[in-house]
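Rule-based calculations on the coordinates, nothing more; no lab input. This structure is a prediction, so every number in the text was calculated from the model and none was measured. FYI the Cβ positions are ideal-geometry reconstructions off the backbone, even for glycines, and counts take in every protein chain you see.
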């Protein structure tokens, strides 16, 4: 009995000793982990809400799938607040045309479940009702996120980016709608939100074109919870758009994909869980947007390039929808001889697209900003055509669109 008591006492002493030895080590790990979490940028608030590998998993399953990828397409602005305007053309009209075409392509693809935030009749009824009935909740939602952000900034857990691109302040009703779209997207398990816009730049004469041109894609800044997926998708869309269109040459937009903390549309104050892009498809005063016919063709192609870029992110493509040449500008049957000086001509637009694919447009002495796809047969197109003719030994037409050039183009790019 005494022996048993002795064993029990020794065992107890051993356990107590082990506890005191283990506690400092265990505690050190706790405090080390805690310090790492505190030093990690807003690790609690900005827990990753959208992961590219998870999005890809959804489409990796063979059709028909249990759950399609949910995409919300938001044509920027509306009939009440139409954004920028140039020579009678409103941004809201252009974004709606592009947004509808993008939604059509995504929906027809079969892999995506698509919601268009507004159409010709106004906002999607569910969203319109949500903006009206949930206004207080929407504002409270934004206010609470802003407070968390402010507290994290004061405590040094996040860093504000102060040198980004400046943006215009949105009117109060627009603020409610934008935050409302974010809140609704979170609650309805949307996977990707795409905002469609066209850019503008301040100038003295509003009737004259501005300084800059080209597209840019805004994504949430890297500290935000939906940043990684957003950037991965944006890079693929940007890469595809660059096939035919230049990146913006405005300072701070020159990289094509721009991180931003302030734009509500992509989740300012971390208000948006899904991946999000805001695409500025070009400046509204650029030549390809001035003529109605050319503008329509370019907008349809921009939607197609975006659709292809999204599919490239997922490693898939639907050539039935995107076409053999990954553009709506080709194939094209050239029927008439084209003359130098012609403007706003759809055949010239298709010619320019073909010259891009041939690697001769624009010629070396030009860049994509001074030589845009706009359906104009100027010096740039003439020199590019001469390079095409040299490539195919059409020596007797040198920069002129003659019968042999027409035949060769139809052989390569005709319907």
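Structure notes:
- Sorting 220-226, 321-327 by their mean Cβ neighbour count within 10 Å, with the most densely packed peptide first, gives 220-226, 321-327.
- Cα gyration tensor shape for the stretch 52-322, rounded if a/c is under 1.5, else prolate or oblate: rounded
- Per-peptide packing, taken as the mean over residues of other Cβ atoms within 10 Å, places 343-356, 200-213, 140-153 in the sequence 343-356, 140-153, 200-213 from highest down.
- With Cα atoms, 0 to 90° folded angle of helix 346-357 axis to the chain main axis: 60 degrees
- Ranked by the mean number of other Cβ atoms within 10 Å per residue, highest first, peptides 267-278, 181-192, 125-136, 76-87 order as 267-278, 181-192, 76-87, 125-136.
- Angle of helix 292-313 to the longest C-alpha principal axis of the chain, folded into 0 to 90 degrees and rounded to 10: 40°.
- Among 314, 401, 198, a tally of other beta-carbon atoms within 10 Å of each Cβ gives an order, fewest to most, of 314, 401, 198.
- In terms of its alpha-carbon gyration tensor, the stretch 346-413 comes out prolate; a/c meets the 1.5 threshold, and the first ratio a/b outweighs b/c.
- Relative exposure of 319, 215, judged by other C-beta atoms within 10 Å (fewest first): 319, 215
- Taking 94, 342 and counting other C-beta atoms within 10 Å, the order from fewest to most: 342, 94
- Each part reduced to its alpha carbon centroid, the stretch 370-389 and the stretch 207-228 end up 28 Å apart.
- Taking the longest Cα principal axis of the chain as reference, the axis of helix 227-241 is set at about 10 degrees.
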